[in-house]
1. For a paramagnetic label modelled at 7 Å from the Cα of S58 toward its Cβ, which residues of segment 96-138 fall within the zone defined by backbone nitrogen distances under 19 Å?
2. Pick out which of Y110, Y119, Y148 has the largest mean-square fluctuation in a Gaussian network model of the chain, springs linking Cα atoms closer than 10 Å.
3. Calculate, for N163 and N206, the FRET efficiency according to 1/(1 + (r/R0)^6) with r their C-beta to C-beta distance and R0 22 Å; round to the nearest 0.05.
4. At R0 = 25 Å, how high is the FRET efficiency between V38 and T77 if r is their beta carbon distance? Nearest 0.05 is fine.
5. For segment 3-232, what class follows from the C-alpha gyration tensor (a ≥ b ≥ c being the square roots of its eigenvalues): rounded when a/c is under 1.5, otherwise prolate if a/b is larger than b/c, else oblate?
6. So what's the net charge close to G181: Lys and Arg +1, Asp and Glu -1, counting the other residues with Cβ under 14 Å from its Cβ?
7. Between D103 and K183, what is the label-to-label distance in nm when each label sits 7 Å out along the Cα-to-Cβ direction?
Amino acid sequence: MKLKTFGLVALCAGLCFSVTACNPTFQCGNWVFTGTPVGNAFPLTSSFTFNPAGCGQSCPESQDVMIQMTWVYDDNTHTNIYASNQPQGARSTPNGWNIDRIDGAAHGYYGLQNNGTFYSGWNTPGGPGVATTLDDEPGGWGANTYFYAVDVAVCYNSSSCNNKILGYYFWSYILDSSDVGQKFITAPAWQNLDSEFQAALTAWNNWAPTSGTEVDGTGTFPHAIAFPALSDL
């Protein structure tokens, strides 16, 4: 993403945070976000509690989990930064967003291991009235780096609401000129980020068949697994 485009994203973020100038994304529940930068890193917890009745749904016995997309930008070189094992833009949108994952994980659901279980240190599944919680600690980049993320809660296993998106949350921090993390915007996401999320899913699905062998210590897949079609509840 070019710096000019980045500036527009940051400006919109500020407006949404301060005067709600942007339209919110779909939300069917409540977010609780906690985290404070420590040195270069940002340890955090992002939780979403699904309230189906608030959206005229029931979704009994659904299992809710997270998908996270990220955008990392080096303001020194005016370029995006990608995971070390990902060729530039290989699974990213034209704007530089991509689905985050643990290296070697074949699935794009955050914390879903290759053996089919969610690692509780990364994502604890929830359900109606029970929070699904994502734990993360990004860090390690150089000075003047911007880190943006959107957490998306989805019904992963449900008889009636499977593959439905329940809510979106934006969080971010900045590494200043001394390479010290500064908390930026943390707030429910706004429209256009939901469209960017769909673009990131498409980028992942286009990349998945070509990813090569995925090994995470719990299992092996010949390549990454594509997402099903996901849409708002």
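Every number in this text was worked out from the coordinates using simple rules, so none of it is lab data. Because the structure is a prediction, the values reported are computed rather than measured. Virtual Cβ from ideal backbone geometry, glycine too; neighbours counted across all protein chains shown.
1. Flagged as within label range: 127-130.
2. Top of the fluctuation ranking is Y119.
3. That pair, N163 with N206, gives E of 0.75.
4. The calculated FRET efficiency here is 0.45.
5. oblate
6. That sum, taken over residues with Cβ under 14 Å, equals -3.
7. 3.0 nm
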